1. Listed residues E162, E186; which is charged (D, E, K, R), open to solvent by less than 30 Å² (accessible area, probe 1.4 Å) and within 12 Å of the ligand (Cβ to nearest atom)?
2. Evaluate region 1-18: report whether one residue or more is modelled with pLDDT of 90 or more and either among the aliphatic types (A, V, I, L, M) or touching a helix residue (DSSP H, G or I) at 6+ places or on another chain (Cβ under 8 Å) (or both).
3. Taking region 105-159 only, how many residues are open to solvent by 50 Å² or more (accessible area, probe 1.4 Å), outside any helix (DSSP H, G or I), away from the ligand (no atom under 16 Å from the Cβ) and in contact (Cβ under 8 Å) with a residue 40 or more places away in the chain?
4. Can you tell me which condition I80 does not meet? The list is (1) modelled with pLDDT of 95 or more; (2) more than 14 Å from the chain's Cα centre (by Cα), and all the others hold.
5. So which of V97, V38 ends up being under 19 Å from H171 (Cβ atoms), assigned to a helix (DSSP H, G or I) and touching a residue at least 60 places away in the same chain (Cβ under 8 Å)?
6. Condition test on Y87, is it closer than 25 Å to R184 by Cβ and part of a helix (DSSP H, G or I)?
7. In this structure, does A31 turn out to be at pLDDT 90 or above and closer than 20 Å to S109 by Cβ?
8. Within the set of pairs 6 or more residues apart or between chains, which connect a residue that is under 14 Å from L41 (Cα atoms) inside region 160-171 to a residue that is open to solvent by 60 Å² or more (accessible area, probe 1.4 Å) with Cβ atoms less than 6 Å apart?
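The values are calculated or read from the model by the stated rules, or taken from the named source; none is laboratory data. Nothing here was measured: the structure is a model prediction, and the numbers come from that model. Cβ: placed from backbone, ideal geometry, glycine included. Neighbour counts: every protein chain shown. Accessible surface areas use protein heavy atoms only, side chains included; no ligands, DNA or RNA. Shrake-Rupley method; radii C 1.70, N 1.55, O 1.52, S 1.80 Å.
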Amino acid sequence: MASVFGKPRAGSGPPSAPLEVNLAILGRRGAGKSALTVKFLTKRFISEYDPNLEDTYSSEETVDHQPIHLRVMDTADPDIPRNCERYLNWAHAFLVVYSVDSRQSFEGSSSYLELLALHAKEMQRCYPALLLGNKLDMAQYRQVTKAEGAALAGRFGCFFFEVSACLDFKHVQHVFHEAVREARRELERSPPARPLFIAEDRAPVHQVPLTASGCTFNTLSTFSLKEMPAVAQAKLVTVKSSRAQSKRKAPTLTLLKGFKIF
Ligand SMILES: Nc1nc2c(ncn2[C@@H]2O[C@H](COP(=O)(O)OP(=O)(O)OP(=O)(O)O)[C@@H](O)[C@H]2O)c(=O)[nH]1
């Protein structure tokens, strides 16, 4: 039954809720995780920030005409992957970042890819990952060739891009949207149980000998897990990760406060 006065046609239900996609950005310190995240969210390049802050940002995106509620966790591991469950059990896809002018960060990205491969094996699921060689604008100081990046990505069966957080926004956006597409493909192929995070007040029950670069992660029982809390819908509202949340009780902070932007 159709109507000419704006009432919905029969069969046209309410618009479907946006697909929820969680992305985690991994990589060695200084690789450019925060700069890429903030470039994607604000189109700006930020030169200074607190390297110890680990935040999760929320953004409404449209990818291939589909609304996506995207959450991006800008992780801050100390030197090597640590307490990896907080992102391994949360993210639907991963961006692994190194800096083309740092061999050390490239080696770090390899550790993260190994960690993801181990996790996928343990969970018997596919976790899409994209390898990003950042700071392409610093190509004259390259320590890692494009071929090396592509070879590493090929070894782990993931996509590879070279990008720069201080150059073209569209390219950075394209990379994030590619990650969303990969996550969406995987979610459609095998929908997971609701995302979970570890409740810090309860220790994980037992550990399995599954390690990568010093990161041991735990086999989780439902006893130690809670459902992810709902995230604020506002664009560019910082939502603390579960770990940070427990340290700082306030659920939100103003994004970019104190950051130098140019
Ligand atoms: N030239 C250039 N500098 C960049 C780029 N991306 C990041 N930087 C700079 O590299 C430094 C580290 O960048 P961050 O984004 O803080 O790196 P990170 O991976 O988040 O580092 P941690 O927070 O310590 O884990 C900062 O001084 C940035 O301004 C880039 O694409 N080009």
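1. Criteria check complete, one pass: E162.
2. No; the residues of region 1-18 include none that is modelled with pLDDT of 90 or more and either among the aliphatic types (A, V, I, L, M) or touching a helix residue (DSSP H, G or I) at 6+ places or on another chain (Cβ under 8 Å) (or both).
3. Residues flagged as open to solvent by 50 Å² or more (accessible area, probe 1.4 Å), outside any helix (DSSP H, G or I), away from the ligand (no atom under 16 Å from the Cβ) and in contact (Cβ under 8 Å) with a residue 40 or more places away in the chain within region 105-159 amount to 2.
4. Of everything listed in (1) modelled with pLDDT of 95 or more; (2) more than 14 Å from the chain's Cα centre (by Cα), I80 misses just condition (1).
5. It is V38.
6. For Y87, the condition - closer than 25 Å to R184 by Cβ and part of a helix (DSSP H, G or I) - is met.
7. Yes; evaluated as a whole, the condition is true for this residue.
8. F169/K43
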